Structure formats: structure tokens, C-alpha cells
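The values are calculated or read from the model by the stated rules, or taken from the named source; none is laboratory data. Remember, predicted model here, so these are calculated numbers, not experimental data. No Cβ is skipped: glycine too gets one built from the backbone with ideal geometry, and neighbour counts run over all protein chains shown. We work out accessible area using only protein heavy atoms, side chains counted, and drop any ligands, DNA or RNA first. Shrake-Rupley method; radii C 1.70, N 1.55, O 1.52, S 1.80 Å.
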Amino acid sequence: MFGKSFLGMIAGVLTVVGALNWGLIGVGVFMNRDLNVVRMVVGTVPAAEAVVYILVGLSAVWVLIESMKR
């Protein structure tokens, strides 16, 4: 689905995790709760949270590029 390489699998997993996180953030808005899983996992360390978001973004770019090759 995301490629057979190790990097492709990691990119796929990070992209799915990122998409689920954004979905939970959206649901949390309607429930008036903070459902940001990234923040729950890494705590309130802004730099760690930013690194996770950057990795998810780069993973999405990787998946997009790989899907355009087919």
C-alpha cells in the first residue's frame, strides 16, 4: 500500500497515525475536550510535539510522491 521498503512502511504508519490524530482533534472540538494523542504521548514538550508533526508531514509527502509514481 505504501511501498515495500522500510521507509515506506514507516511513512505509511506515521501518515495513518497523523490522520487519526487530526480526526480525534476534530471530535474533541465538538466534545470540548483535548483529544490530541500526540500531546498525550509526548507530554507538554513543544519541541517533541513539533518533531512528531514534522515527521508526520514528511511522511505524508513521501506517501503522496510514492502514490504518484504508480
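Numbers below:
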| quantity | calculated |
| --- | --- |
| Per-selection metrics, the chain (Cα): Rg and Dmax in Å | 13.6, 42 |
| Surface share of carbon and sulfur [accessible, 1.4 angstrom probe, percent] for the chain | 77 |
| The chain: most fluctuating residue of G57, G43, G12 per GNM, C-alpha cutoff 10 Å | G43 |
| Degrees, to the nearest 10: 6-31 long Cα axis against longest axis of the chain | 30 |
| Loop-located trypsin sites (Lys or Arg not before Pro) in the stretch 1-59, at most 14 other Cβ atoms within 10 Å (DSSP) | K4, R33 |
| Per-residue [θ]222 nm for the chain (sum of -39500 (n - 2.57) over DSSP H runs n ≥ 4, rounded to 500) | -26500 deg cm²/dmol |
| Helix axis angle, 46-68 relative to the chain longest principal axis, alpha carbon, degrees | 30 |
| The chain - accessible surface per residue (Å², probe 1.4 Å) | 74 |
